[in-house]
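> Structure incoming, see below.
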Amino acid sequence: MKSLKRKVCVYTSGRMDYGILHGLMQEISESGGLQLQIVVSGMHLSAEFGKTVDEIIADGFKPDETVEILLSGSTPISVCKSMGIAMIGYGEAIRRLQPDIVVVLGDRFENFCMAAAAHVLRVPIAHIHGGEITEGAIDEAFRHCITKMAHLHFASCEVYRRRIIQLGESPDLVFNVGALGVENIRRTFLMNPEQLAKSLRFSLNEPYFLVTFHPATLELSGTGEQFGALLSALDAFPEYRVILTKSNADSDGILINRMIDEFVEKHHERAASFSSLGMNRYLSAMEYTDAVIGNSSSGILEAPSFRVPTVNIGHRQEGRVQAESVINCSPERNAIVKSIQMAISHDFKKAIREMINPYEKKDTAKNIKKIIMKSELNSILKKTFFDIPLNHSLSNFQVRTEQ
């Protein structure tokens with residue numbers, strides 16, 4: 001007998017989206033009216049990036065499809081070739097699984113390919129983290145393209161919900177639910193410093209920085225130059241230990257990872273690197289660090305909930321809503337040093353002690369699950385471009401969090 005449960009296919013391409021999606025996957029798997037399907041691809045299947053599919057399995061999730069797409073290298077043409085392979089593999093996976101809806105998060109090229117395959121096969125798409133701007137990354141165009149293919153939209157704050165409507169999406173299908181990654185902080189039992197140090201096999205008896213840096217794909221100065229400036233700035237703080245997480249499979253990601261290896265080899269007494277910390281260790285490391293440094297979205301989204309300062313370097317995250325704990329600086333050594341000095345100062349830490357994270361809302365995963373469960377999907381593909389009258393303010397559209 002055919003199952004009456006609605007089949008929800010969650011796609012994950014690497015540690016960056018799996019850690020965020022984890023709570024939603026739990027909600028779906030525990031729901032009586034939904035059947036969780038999981039498509040695992042991209043960096044999850046690569047030993048070079050930590051083979052993090054093992055983390056998914058260790059968490060008790062069984063991938064329904066694993067799709068290999070990554071080619072050796074991190075140049076723009078290798079990314080193009082990987083995208084072609086991805087379209088073939090994802091189309092076949094969707095055809096076999098026959099989901100009722102596909103869940104895609106964010107803006108990466110892999111996620112765009114999954115959304116495009118679902119769109120061609122006329123499977124509705126739920127998009128998480130649409131409407132955001134990351135002016136320093138090529139991924140921003142992918143994000144907005146996914147929005148135009150998607151049917152249900154889950155924005156992380158109100159300004160992004162309004163931008164999705166501005167892109168022509170019906171207000172009735174756009175919801176401000178907050179950020180899943182922020183909610184994971186409240187849902188996860190985090191390690192204490194002793195447990196974290198034991199798990200990392202890295203002493204945390206001295207203060208430390210948590211560093212994550214990804215290629216700045218649209219910036220004028222080169223990735224190596226920018227990351228070199230960051231590593232040089234860290235030398236100005238020899239009393240601090242450094243935890244570095246390695247880069248994603250973007251153009252120049254391999255270059256960053258090689259520079260990390262060289263830095264750790266030179267500073268092995270106070271630095272350690274990891275292909276993937278996993279959600280629990282990463283959030284635990286964030287809770288006790290003196291500052292999050294780099295250009296990762298986690299410094300913008302999650303770090304403010306810990307009241308931990310973020311030194312955000314360059315333009316990769318430019319355009320995002322930011323909390324008071326974020327210090328922006330140019331990708332130059334002196335600017336980075338000054339920003340780190342500000343971040344670790346007593347006055348700055350005191351100033352952000354009571355701040356509110358603009359991405360934090362209650363029951364984010366539960367509300368997404370409820371909306372997916374309740375929404376009419378049979379006729380959802382018959383959509384039109386929602387036009388906003390030129391004299392009409394977006395503020396007239398009521399804030400929506402759930403149906």
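> Which of (1) within 20 Å of Ser247 (Cα to Cα); (2) modelled with pLDDT of 95 or more; (3) not in a helix (DSSP H, G or I) does Phe61 not meet, given it meets every other one?
Phe61 satisfies all of (1) within 20 Å of Ser247 (Cα to Cα); (2) modelled with pLDDT of 95 or more; (3) not in a helix (DSSP H, G or I) except (1).
> Tell me whether region 167-181 contains one or more residues that are in a helix (DSSP H, G or I), within 17 Å of Arg320 (Cβ to Cβ) and either in contact with a helix residue (DSSP H, G or I) (Cβ under 6 Å, 6 or more places away or on another chain) or at pLDDT 95 or above (or both).
yes
> Hey, could you check region 182-202 for residues that are of a type in the set (S, T, N, Q) and at pLDDT 95 or above and say which is nearest to Ser375 (Cα to Cα)?
Asn192
> Quick check, is Ile293 modelled with pLDDT of 95 or more, β-branched (Val, Ile, Thr), touching a Lys or Arg at 6+ places or on another chain (Cβ under 7 Å) and within 29 Å of Pro76 (Cα to Cα)?
no
> Shifting gears a bit: Please work out which residue is surrounded by the most Cβ atoms within 10 Å (Cβ to Cβ), limiting yourself to region 5-31 and to residues that are part of a loop (DSSP other than H, G, I, E, B) and either touching a Leu at 6+ places or on another chain (Cβ under 7 Å) or without any contact (Cβ under 8 Å) to a residue 24 or more places away in the chain (or both).
Here the answer is Lys5.
> Please find, within region 54-77, the residue that is nearest to Ile254 (Cα to Cα) out of those that are free of Cβ contacts under 8 Å to residues at least 40 places away in the same chain and among the small types (Gly, Ala, Ser).
Result: Ser72.
> Now, a different point. Filter region 183-211 down to the residues that are part of a loop (DSSP other than H, G, I, E, B) and among the aromatic types (Phe, Trp, Tyr) and list them by number.
Passing the criteria: Phe189, Phe202.
> What are the residues in region 83-98 that are farther than 12 Å from Ser13 by Cα and buried (at least 22 other Cβ atoms within 10 Å of the Cβ), if any?
Ala93, Ile94
> While we're looking at this one, here's another question. Of the residues Ile340, Ile371, only one is surrounded by 15 or more Cβ atoms within 10 Å (Cβ to Cβ), at pLDDT 75 or above and out of contact with any helix residue (DSSP H, G or I) (no Cβ under 8 Å at 6 or more places or on another chain); which?
Ile371
> When the residues of region 335-357 are narrowed to those that are among the polar types (S, T, N, Q) and in contact (Cβ under 8 Å) with a residue 12 or more places away in the chain, which ends up nearest to Val311 (Cα to Cα)?
Ser339
> A further question on this structure: Pick from Ile256, Ile313, Ile260: which is at pLDDT below 95 and closer than 16 Å to Pro215 by Cβ?
Only one candidate qualifies: Ile256.
> I've got another one for you. From the residues in region 32-49 that are part of a helix (DSSP H, G or I) and crowded, with 19+ Cβ neighbours inside 10 Å, which one is modelled with the lowest pLDDT?
In this case the residue turns out to be Phe49.
> I'm checking my understanding of the structure. Among residues of region 123-173 that are out of contact with any His (no Cβ under 7 Å at 6 or more places or on another chain) and among the β-branched types (Val, Ile, Thr), which one is surrounded by the most Cβ atoms within 10 Å (Cβ to Cβ)?
Ile128
The values are calculated or read from the model by the stated rules, or taken from the named source; none is laboratory data. Model, not experiment: these values are computed from the prediction. Counting neighbours? That spans all protein chains shown, and the Cβs are built from the backbone with ideal geometry, glycine included.
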